[in-house]
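K.L.:
Sharing a structure, written as structure tokens. Questions coming.
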Amino acid sequence: MREASGFFHVRVGFCAGAQSVESQLLIRSDYLEIGLDHRLILLKFLPLTIESVMPPRLKLNKITKRYGNTVANNSISLEVMPGEILAILGENGAGKSTLMKVIFGSVVPDEGEIFFDGKPVQIRSPADARELGIAMVFQHFVLFETLTAKENILLGMPKGTDPDALEKEIIERSAHYGIEVDPNAVVNDLSMGERQRVEILRALLTNPKLLILDEPTSVLSPLALQAFFKTLRQLSSEGVSIIFITHKLNEIRELSDHCTVIRAGEVAANVNPKEHTEEQLAKLMIGNDLPEILPKPDIKPLPGLEVSFNGERVTFKSQYPLVGKISVPRGKIVGVAGISGNGQSDLMKAISGEVLLSKQAVKICGSAAGDLRVQHRRALGLRYIPEERLGEATVPEMSLEANTLLTSNLFLAKGFMRNKMIHRFTNSVIEKFKVKCGGSKAPADSLSGGNLQKYIVGRELLHNPKVLVLNQPTWGVDAGAAALIRNALIRQRSGGSALLVVSEELDELFEICDELVVMSEGKISPQVKAQAISVEEIGRWMSGLWPKTEDA
């Protein structure tokens, strides 16, 4: 029976004396040289495997990539069969992204071979990869910010694609996959989560043979996540091979039967994640046990951060007006949950000083600050960590030392830079937050996403802020680095700081926060203690279904 274009399901019997084993094989028609008229094919016992009937969709043989003295990938070999979902697990800086870029043609390996559908190939560019049927969703997005979502997607489609028909397909497919995308939204106006949806949909619309997903689920609510997993399983059943990179160990165990663990640029293990606990997988990934999350002692509350909105539109492009209140006393961590694109970016702009509102809309340590600019809010004790690492939190081409200077005037004296102090401070961040890099002179864009995030968090924490606001503090960060960052935030809280954490990682919010709010269409829910609400109830609140109060 034909299962999908070019594929057949065949019932095959393997005989060995009195024993026989039957199995269903998914066999490409152009490799099938046995009679399809026979419902049951009996073979003498042979060491016959799926690989001997049908080649892997992708096979890497001893791939090596060096950058100077750094070996990013060292003789890595792996295979992905048609219809297989292969999970790739590794800590930040392990070489995962480099390997995926080799597959997609963004990086050319120094050594090794690549086979696709059994044939040796040279993938020298993303165009070569797309020609083979490879699509990739990058962790750091590859979108033109001045174009609309539809225009960005159109760039990756075949010549002659009708824009109007594409717009209709974007709407239909985004609804089908549970990944809402406005085709006419300008990318520059979208949150990072919304941009990731555009990337995912763009890849799916190419109908790929091999789909590479690098941290694709951070933007999804629990319900949308299950719908997305259903889509991936459907694609898998149709013969699409999927390489799935995530640091969420529960997702790996739920979605995949085969996981390749990469550590220090080499394959450390190949395992069935369903046969291992999350703790065991984490140990395989980082080489030792995860640090335990610190307890949160009671701290005498002092005025920290207060925000109050009465329907303000932060910018003329704002999709929703902001409505509601948040109170973050010093000595507490308050989390903001919600599906990306529900006003979180506007909330961050209003608090950080990127846009100015009425004086009373934001209070920092008791002082009205809604109409103050960024530098004046810093003087009151506020620090802000944005979600976009490259371009907002750091300048990609500049060194870590130069990026250290960006958010502080402490390193200036009478108009001159205090270079020795900048050097010492940057090295202190690198050491205390275990940032893997080429030293304090390394450019920001040479770091992996997780190591860059550790640098950004460390840079702000070492200034010991009275109020710290963070947007997606551990997005795309491995389990070990995430635990390091979360413990650092708890220490800051226990030292008497107020922390507001916006995150789409519900597990993270419940782990570190004292209290929670939810945002839906710009509205802020009542503030509740984290122990007093369940994950399921938070999921309902994400749709705006929270109990109404006079203040909500």
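The values are calculated or read from the model by the stated rules, or taken from the named source; none is laboratory data. Since the model is a prediction, treat every value here as computed from it, not as a measurement. All Cβ positions, even for glycine, are placed from backbone atoms using ideal geometry, and neighbour counts span all protein chains on display.
K.L.:
Could you tell me which of the residues 165, 149 is surrounded by fewer than 15 Cβ atoms within 10 Å (Cβ to Cβ), in the same structural domain as residue 209 (by TED's automatic domain parsing) and of a type in the set (A, V, I, L, M)?
P.N.:
Values: 149 fails: surrounded by fewer than 15 Cβ atoms within 10 Å (Cβ to Cβ).
Result of the check over 165, 149: 165.
K.L.:
In addition: Out of region 450-464, which residues are of a type in the set (A, V, I, L, M, F, W, C) and over 13 Å from residue 428 (Cβ atoms)? It would help to see each step written out before you state the result.
P.N.:
Just the residues of region 450-464 that are of a type in the set (A, V, I, L, M, F, W, C), to begin with: 452, 456-457, 461-462.
452, 456, 457 - these are the residues of region 450-464 that are of a type in the set (A, V, I, L, M, F, W, C) and over 13 Å from residue 428 (Cβ atoms).
K.L.:
Hey, can you tell me all the residues within region 128-141 that are without any contact (Cβ under 8 Å) to a residue 60 or more places away in the chain and farther than 13 Å from residue 201 by Cα?
P.N.:
Start the filter on region 128-141 by keeping residues that are without any contact (Cβ under 8 Å) to a residue 60 or more places away in the chain, which leaves 128-129, 131, 141.
Passing the criteria: 128, 129, 131.
K.L.:
Another question, then. Quickly run through region 506-552 and pick out the residues that are within 22 Å of residue 331 (Cβ to Cβ), among the aliphatic types (A, V, I, L, M) and touching a Leu at 6+ places or on another chain (Cβ under 8 Å).
P.N.:
509, 512, 516, 524, 528, 530, 533
K.L.:
Separate question: State whether one or more residues within region 247-256 are more than 30 Å from residue 384 (Cα to Cα), among the charged types (D, E, K, R) and out of contact with any strand residue (DSSP E or B) (no Cβ under 9 Å at 6 or more places or on another chain).
P.N.:
Yes, region 247-256 contains a residue that is more than 30 Å from residue 384 (Cα to Cα), among the charged types (D, E, K, R) and out of contact with any strand residue (DSSP E or B) (no Cβ under 9 Å at 6 or more places or on another chain).
So that you can scan it fast, the table gives a plain yes or no per residue for (1) outside the structural domain of residue 74 (by TED's automatic domain parsing); (2) surrounded by fewer than 22 Cβ atoms within 10 Å (Cβ to Cβ); (3) modelled with pLDDT of 85 or more; (4) in contact with a Gly (Cβ under 8 Å, 6 or more places away or on another chain):
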site: 199; (1), (2), (3), (4): no, no, yes, no
site: 212; (1), (2), (3), (4): no, no, yes, no
site: 222; (1), (2), (3), (4): no, yes, no, yes
site: 236; (1), (2), (3), (4): no, yes, yes, yes
site: 246; (1), (2), (3), (4): no, yes, no, no
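K.L.:
Can residue 149 be described as farther than 14 Å from residue 245 by Cα, hydrophobic (A, V, I, L, M, F, W, C) and either modelled with pLDDT of 95 or more or within 23 Å of the chain's Cα centre (by Cα) (or both)?
P.N.:
Working: farther than 14 Å from residue 245 by Cα: yes; hydrophobic (A, V, I, L, M, F, W, C): yes; either modelled with pLDDT of 95 or more or within 23 Å of the chain's Cα centre (by Cα) (or both): yes.
The answer is yes for residue 149.
K.L.:
Looking at region 97-113, can you tell me whether even one residue there is out of contact with any helix residue (DSSP H, G or I) (no Cβ under 7 Å at 6 or more places or on another chain), in contact (Cβ under 8 Å) with a residue 12 or more places away in the chain and part of a loop (DSSP other than H, G, I, E, B)?
P.N.:
Yes, there is a match, as at least one residue in region 97-113 is out of contact with any helix residue (DSSP H, G or I) (no Cβ under 7 Å at 6 or more places or on another chain), in contact (Cβ under 8 Å) with a residue 12 or more places away in the chain and part of a loop (DSSP other than H, G, I, E, B).
K.L.:
Let me ask something additional. Going residue by residue through region 510-523, is there one that turns out to be within 20 Å of the chain's Cα centre (by Cα), under 30 Å from residue 107 (Cα atoms) and modelled with pLDDT under 95?
P.N.:
no
K.L.:
Among the residues of region 149-178, what is the count of those that are aromatic (Phe, Trp, Tyr) and outside any helix (DSSP H, G or I)? Steps first, please.
P.N.:
Step one: of region 149-178, the residues aromatic (Phe, Trp, Tyr) are 177.
Within this subset, residues satisfying the condition of being outside any helix (DSSP H, G or I) are none.
Total meeting the criteria: 0.
K.L.:
Would you be able to tell me the number of residues in region 325-344 that are crowded, with 22+ Cβ neighbours inside 10 Å and in a strand (DSSP E or B)?
P.N.:
Qualifying residue count for the region: 6.
K.L.:
Can you find a residue that is under 29 Å from residue 504 (Cα atoms) and surrounded by 20 or more Cβ atoms within 10 Å (Cβ to Cβ) anywhere in region 415-425?
P.N.:
Looking only at region 415-425, we keep the residues that are under 29 Å from residue 504 (Cα atoms), and these are none.
No, region 415-425 has no match at all.
K.L.:
For the condition crowded, with 18+ Cβ neighbours inside 10 Å and within 30 Å of residue 252 (Cα to Cα), what is the one hit in 347, 281, 322, 372?
P.N.:
Every option except 281 fails the conditions.
K.L.:
Give 314, 323, 334 a once-over and let me know the one that is closer than 26 Å to residue 544 by Cα, modelled with pLDDT under 95 and of a type outside the set (Gly, Ala, Ser). Working first, answer last.
P.N.:
Working: 323 fails: modelled with pLDDT under 95; 334 fails: modelled with pLDDT under 95.
After ruling out the rest, the residue left standing is 314.
K.L.:
Read through the list (1) assigned to a strand (DSSP E or B); (2) crowded, with 17+ Cβ neighbours inside 10 Å, then give the number of the only condition that residue 310 fails.
P.N.:
Status for residue 310: all satisfied but (2).
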